[in-house]
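Undergrad: Supplied in structure tokens, the structure appears directly below.
The values are calculated or read from the model by the stated rules, or taken from the named source; none is laboratory data. In this text, all values refer to a predicted model and were calculated from it rather than measured experimentally. Cβ coordinates were reconstructed from backbone atoms using ideal geometry, including for glycine residues, and neighbour counts include every protein chain displayed. The area values use the complete protein model at the heavy-atom level, side chains included, leaving out ligands, DNA and RNA. Shrake-Rupley method; radii C 1.70, N 1.55, O 1.52, S 1.80 Å.
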Amino acid sequence: MKVKQFIAKKNSLKSTQINCATFTSKFSVPNQYAAQVGTLYFFNVKGFNLYLVDRLEGVPASDLIGGSAGYRRPSYVISFDPGINYSAPNLTLSLNAPIALERNTTQSYLDKQKTAQTEVFSQSDAGFADYLINFNITNRFKKKNKEVIPNSIVDFYKN
């Protein structure tokens, strides 16, 4: 199997051949993070409410646990996320559409290695959705017979 090679410009006069296999040939299972803060507004119409959320989500360049040398596309997105809910006794419908305020790509492990060896800043791209619409349906199933499931482990062993 032949190893692909690429030419990296070092200054503008010299070029250096670098073996891609020295960086990484494995995919990573990266960590992900998400955080949101917001407010919920209840309408005068029973069951309806509106929420406004600020959201941060992304993939870090380094893992908290495990190695960070595998291939990944680290980035983050900051968005404003308005939505509306309708709740009935056993059913909840939710619709929201986050609006991206900032999308940013960060240097991956591979990018940092390329930059260190070639002394030329390297940064890969990341794919971001232009828009996102989420529609959720949640149904709560009622228990028909409460005695089928014991209330505690003690009740289970009593019978």
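Undergrad: With a probe of 1.4 Å, find how much accessible area the range 33-107 has per residue, and write the answer as a whole number in Å².
TA: 61 Å²
Undergrad: Suppose the Debye formula is applied to equal point scatterers at every Cα of the range 44-92; what is log10 I(q)/I(0) at q = 0.14, 0.20 Å⁻¹?
TA: For the range 44-92, the Cα-only Debye profile gives -0.60, -0.76.
Undergrad: Could you give the nm distance between label points at S94 and T138, where each point is 7 Å from its Cα heading toward the beta carbon?
TA: A separation of 0.5 nm, rounded to one decimal place.
Undergrad: I would also like to ask the following. Once you charge only the Cβ atoms, +1 for Lys and Arg and -1 for Asp and Glu, what is the size of the charge dipole of the range 98-141 about its Cα centre, to the nearest 20 debye?
TA: Computed about the Cα centre, the dipole is about 240 debye.
Undergrad: Related question: Taking only C-alpha pairs under 8 Å that are 6+ residues apart, what is the relative contact order of the range 46-134 in percent?
TA: 28 percent
Undergrad: Give the calculated FRET efficiency between Y86 and E57 to the nearest 0.05, with a Förster radius of 35 Å applied to their Cβ-Cβ distance.
TA: Working from the Cβ atoms, E equals 0.90.
Undergrad: Once you treat every alpha carbon in the range 65-116 as an equal point and sum by Debye, what is log10 I(q)/I(0) at q = 0.21, 0.22, 0.27 Å⁻¹?
TA: Values, matching the q order: -0.82, -0.85, -1.01.
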